[in-house]
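Structure first, commentary second.
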Amino acid sequence: MDPDAVKSTLSNLAFGNVMAAAARDYQKEIVAKKKAQAASASHDEVDLDELLDDPELEKLHAERIAALKKEVEKREVLKRQGHGEYREITEGDFLGEVTGSEKVICHFYHREFYRCKIMDKHLKTLAPVYLGTKFIKLDAENAPFFVTKLGIKTLPCVILFKKGIAVDRLVGFQDLGSKDDFSTRALENILKMKGIIDEKKDEDDEDDETDMSMNRRIRSSTAQDSDSE
């Protein structure tokens, strides 16, 4: 027999054996992976069931729902007090408005002043965002008593009240670079710095959606509580 032919035959057999072994190993690896994935999925399901039955988790969930209910109730109270919108008041309303909330921003304005209209635009944008602060406006021409008492000489004049006491003010646009084209964010930052509005932790659009979702969940939970009584 030709030695070269024998050598070629043996070489082919050896290569065939290697490929067969590799195929078997690959198949074993695939089977092992499938078993591991199945075991992991089963383990996850068991863990989830255990979590759902965990009394500590149930307690945390109940506490969270209670805190959300309390927050919604607080927001409703603030809205009834006139928070959440930028409103015009009269001189007769003034004392009740500034003493009826912990934090109040009052814009003394003139109907014909262009800069007063600019300030209006920015305050109207901020009012629904910062529910913890009341935003109001008062026509200076129709409130001579308080204009005199508060020493208002330049309009627009935005006076900041805490617990009924005037603690600070923005006169004209002095704090805003004395320019008409300042941004709402610039005014927002100054009001934060003066402590009349709270720092926002979230971002507004996302928070609004979250609040709506929370409100729906809380209303559903409250309805279930009522049905069970």
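The values are calculated or read from the model by the stated rules, or taken from the named source; none is laboratory data. This structure is a prediction, so every number in the text was calculated from the model and none was measured. Cβ: placed from backbone, ideal geometry, glycine included. Neighbour counts: every protein chain shown. Only protein heavy atoms, including side chains, enter the accessible area calculation; ligands, DNA and RNA are left aside. Shrake-Rupley method; radii C 1.70, N 1.55, O 1.52, S 1.80 Å.
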Self-check item: Test result for V129, of a type in the set (A, V, I, L, M) and either closer than 21 Å to G172 by Cα or in the same structural domain as V167 (by the TED database) (or both)
Solution: yes
Quiz item: Does G82 meet the test of being at pLDDT 75 or above, open to solvent by less than 90 Å² (accessible area, probe 1.4 Å) and part of a helix (DSSP H, G or I)?
Solution: no
Quiz item: Does D198 qualify as being modelled with pLDDT under 95 and open to solvent by 60 Å² or more (accessible area, probe 1.4 Å)?
Solution: yes
Self-check item: Sole exception among (1) in contact (Cβ under 8 Å) with a residue 40 or more places away in the chain; (2) open to solvent by 30 Å² or more (accessible area, probe 1.4 Å); (3) not acidic (D, E) for K124, by number
Solution: (1)
Self-check item: Set E102, E97, E112: member being in the same structural domain as S183 (by the TED database), charged (D, E, K, R) and under 26 Å from D181 (Cα atoms)
Solution: E112
Practice problem: Six or more apart or on different chains, Cβ under 6 Å: which pairs go from a residue in region 78-96 that's closer than 18 Å to T125 by Cβ to one that's surrounded by 12 or more Cβ atoms within 10 Å (Cβ to Cβ) and not hydrophobic (A, V, I, L, M, F, W, C)? Could you list them? | Solution: G82/K134; H83/K134; G84/P128; Y86/K124; E88/K137
Exercise. Evaluate region 165-188: report whether one residue or more is of a type in the set (V, I, T), out of contact with any helix residue (DSSP H, G or I) (no Cβ under 6 Å at 6 or more places or on another chain), over 21 Å from H83 (Cα atoms) and in the same structural domain as G92 (by the TED database).
Key: yes
Quiz prompt | Residues of region 131-165 satisfying the condition of being open to solvent by 20 Å² or more (accessible area, probe 1.4 Å) and in contact (Cβ under 8 Å) with a residue 60 or more places away in the chain | solution = G132, K162, K163, G164
